[in-house]
1. Hey, what did segment B:68-128 get for relative contact order, percent, Cα under 8 Å, at least 6 apart?
2. What is the calculated FRET efficiency for B:S418 to B:D512, with r their C-beta to C-beta distance and R₀ = 51 Å, to the nearest 0.05?
3. For the protein assembly as shown, with every protein chain kept in place, what is the accessible area per residue (1.4 Å probe, Å²)?
4. Work out, in µm²/s and without decimals, the Stokes-Einstein translational diffusion coefficient of segment B:464-521 at 4 °C, 1.567 mPa s, Rh from Kirkwood over C-alpha pairs.
5. Under a Cβ-Cβ cut-off of 14 Å, what is the net charge of the residues other than B:A560 that fall near it, where Lys and Arg count +1 and Asp and Glu count -1?
6. Which whole-Hz couplings ³J(HN,Hα) result when phi for each residue of segment B:578-592 is put into the Karplus expression 6.51 cos²θ - 1.76 cosθ + 1.60, θ = phi - 60°, listed in order with x for Gly and Pro?
7. Dividing the alpha-carbon radius of gyration of segment B:236-340 by 2.2 N^0.38 Å (N being the number of residues), what value is obtained?
8. Write down Rg/Rh for segment B:333-400, rounded to two decimals, with Rg from the C-alpha atoms and Rh from the Kirkwood relation over Cα pairs.
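The values are calculated or read from the model by the stated rules, or taken from the named source; none is laboratory data. Because the structure is a prediction, the values reported are computed rather than measured. Note that we place each Cβ from the backbone using ideal geometry, even for glycine, and neighbour counts take in every protein chain shown. Quick note on the areas: whole protein, heavy atoms, side chains included, nothing else; ligands and nucleic acids left out. Shrake-Rupley method; radii C 1.70, N 1.55, O 1.52, S 1.80 Å.
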Amino acid sequence: MMRAVFVSVQIICVFSLCAAEAAERGMPPHPSVVNQRKAVPREFVFTLSAGKTENDLRTFLSEWGVASLRALSGRLFLVRLDRDVSIDELRAAARGSSVVERVQPNYRYRTGPGEGPVR
Amino acid sequence: MKRTIALIMMLALSGVCFAGGSSTGSSSPGFFSKQAHGVKHYDRYVKGELLVTFRKGTAASGMRAAVMRSGGSIVKNSAAGFSRVKLEDGRDFAAAMKEIGADPAVESVQPNYIYHSTSFTPNDADYGYLWGLHNTGQAVPDSTGGYTAGTSGCDMGAPDAWNIITDCSAVTVAVVDSGVNYNQEDLAANMWTSASYPKHGYDFVDNDNDPMDLCGHGTHVAGTIGAVGGNALGTIGVCPAVRIMAVRSLNAAGSGTTVSIAEGIGFAVAQGAKVINMSLGGGSDTDAVMADAIGAARDAGVLVVAAAGNDGADVGVNGNQTYPCNYSADYDNVVSVAALDQNFALADFSNYSAAFVNVGAPGVNITSTVNGVWSPYLKDAYGGWTRDAYWGTSTVQIYESQMSSASYSLPLIYDPASWNGTSVYRANADDTAYRYYSLGSVDAVVFYILFYQDIAAGDMFSAYCRSGASSDVTADGTLLFSGYGSTRLHSGTPTFDEFYEYDLDLSSYGADFTLGYNLTSDASVSLTGVAVCTIYQTLALAVSSYAVYDGTSMAAPHAAGLAAMIWAYNPSYTYADVAVSLRNGGRNVPALLSKTTTGKAVNMLGSLSYIQPPTGLKAAAQ
């Protein structure tokens with residue numbers, strides 16, 4: 001019978017999120033770091049208006065510079081821009097455009113702190 | 001007056017924990033219908049037989065007439081007051097029951113249910129550690145390397161349920177997570193298969209068809225749902241036989257995005273998963289793409305089981321929301337799950353909410369399959385860094401906080417070179433430090449970058465990486481993160497509280513890569529700079545690894561496995577039927593009152609018994 005390898009995972013506070021998360025909760029965190037943790041820097045998900053094309057989107061995005069662009073399902077596109085742009089700036093631009101129906105950050109999700117070998 | 005007779009066995013489940021008994025009755029080996037992976041599936045009732053109770057005073061001719069119209073004949077009138085009726089071969093069982101039940105002479109009608117003796121005893125080596133399935137008060141391995149005992153009966157009552165059904169292989173459960181080690185010895189036989197996806201799923205992190213788990217989290221979740229039962233190896237899942245679809249949406253550091261997860265949900269739905277386990281959290285109420293994905297799953301009849309999260313917070317409070325957990329209020333296909341310990345107390349880390357969290361499930365000291373073996377935390381030796389003169393290096397004793405005498409020895413690189421929390425970094429800086437790593441044969445590498453940062457808005461601290469060696473990684477590398485501002489809690493000597501952390505999966509850069517840090521500033525500076533501690537771990541995949549984890553991520557798959565079992569037991573159920581059975585079939589647990597919408601811990605037999613009669617398994621009687 002094969003012997004199971006049993007790995008006991010230790011959650012070591014010094015290198016866990018314990019202190020960092022406490023800092024996150026206990027202070028007004030600095031905005032740029034928090035934003036980067038909540039969403040991927042410079043990445044946004046665009047929903048095109050009906051009938052619009054990838055080329056229309058590239059034209060719309062030209063003032064910010066497109067580092068990469070990937071078509072997702074339906075009218076969704078994942079875009080990485082060349083520089084930092086606020087979601088508010090993009091939403092304002094979208095409102096004034098017939099190309100983009102909706103834009104949002106590419107939000108981050110993750111396993112819970114304390115779970116597994118990488119916390 | 002008409003009344004509806006629910007043809008189900010209702011169990012009164014209340015109180016906290018008790019030693020559950022097994023269902024007993026006549027053993028019916030003749031109804032043992034198939035074997036898969038060494039587990040058993042029993043029919044629920046005797047085919048073609050009904051038990052009919054006639055109204056008092058009904059003549060024998062009236063009895064016969066009532067059943068004959070539906071192709072039935074009375075086999076025996078029991079002294080207990082009911083008649084056993086045999087239907088003609090080929091008769092529609094549900095239709096006949098409905099017709100007979102509608103006859104004015106009939107008081108009630110039901111199937112002749114089958115009961116079994118206790119017969120399924122898992123032989124899986126670590127079954128005794130799985131208190132969540134069967135808690136005898138035994139001591140089990142905990143996440144600190146010791147052993148912890150619990151309270152007998154605080155469990156999901158698996159042995160009772162397994163006497164009814166163990167084969168859930170008709171149901172596919174998608175694990176939208178960090179992937180699954182599909183070669184793991186205790187999972188391989190239960191993996192979902194598809195000619196189009198030979199590695200049992202898809203990877204939406206690297207966008208290829210290999211969803212191998214480079215984290216461990218997803219493999220742990222998968223084992224709780226459906227580690228193979230009865231194979232004498234490792235553990236056993238809630239469902240000893242099931243189909244597990246591996247959907248890799250989180251990287252080796254356990255991090256994913258709207259896109260990687262929403263695409264994973266879409267894949268699972270398109271490929272026929274009935275249940276999706278999502279042991280993850282984050283997002284925002286403005287994440288419309290994620291909400292749309294959850295809604296599309298609902299429209300396709302797919303149930304989503306979500307972890308409540310590990311912040312120890314009420315997710316109903318503004319600012320504490322976490323998704324997909326909080327979708328449970330708006331999407332009835334989402335069941336959110338809090339974590340319980342071995343005494344059925346709410347785990348101290350578990351999120352909760354009387355509005356958004358539905359049930360509790362075992363989530364502390366959970367043994368399950370993992371993907372391999374991670375190295376210990378490796379503190380980077382600062383001596384390997386190439387740096388300009390403005391970066392200093394030293395091992396620094398950092399106090400945990402101003403209020404604590406606990407301290408940690410951290411190897412740091414920092415700017416200014418005289419960094420001590422009071423010295424000011426230089427104006428017009430463009431200071432770089434970098435290191436080339438050659439890690440040899442590894443399957444994954446995760447870096448934890450802890451940094452103290454106290455820089456002005458016009459200045460920037462950044463991290464970069466690129467494959468191979470580079471002497472100018474800030475120019476030819478990829479930006480990992482950047483930011484300005486302060487992590488400081490107070491003035492004076494820095495403490496560990498003031499360090500922030502990024503967890504980064506650098507596996508895509510290969511085993512040889514360059515990591516670099518950069519500080520830039522404008523002409524005006526007055527703050528105290530940056531200090532960075534770099535820690536990493538490497539992974540070696542293996543097929544026979546098991547580990548103990550804590551978390552609501554471990555609670556959710558207990559519920560997801562049960563959802564699959566409910567569905568396997570009731571194939572005609574909708575997602576809404578399964579969700580109701582999952583939520584309401586549980587056991588009342590005081591610790592969950594006012595902490596969840598139901599106050600219940602999931603219970604396997606309770607949910608199997610909490611059956612809203614599917615269409616056709618109801619009868620109406622006058």
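1. Details: 37 pairs, mean separation 12.6, N = 61.
Once divided by the residue count of segment B:68-128, the mean separation gives 21 percent.
2. 0.95
3. Details: 26990 Å² over 741 residues.
Computed with neighbouring chains in place, this is 36 Å² per residue.
4. 96 µm²/s
5. So the surrounding residues net to +2.
6. 5, 4, 5, 5, 5, 6, 9, x, x, 9, 5, 10, x, 5, 9
7. Rg over 2.2 N^0.38 Å, computed on Cα atoms: 1.05.
8. Values: Rg = 21.7 Å, Rh = 17.1 Å.
Answer for segment B:333-400: 1.26.
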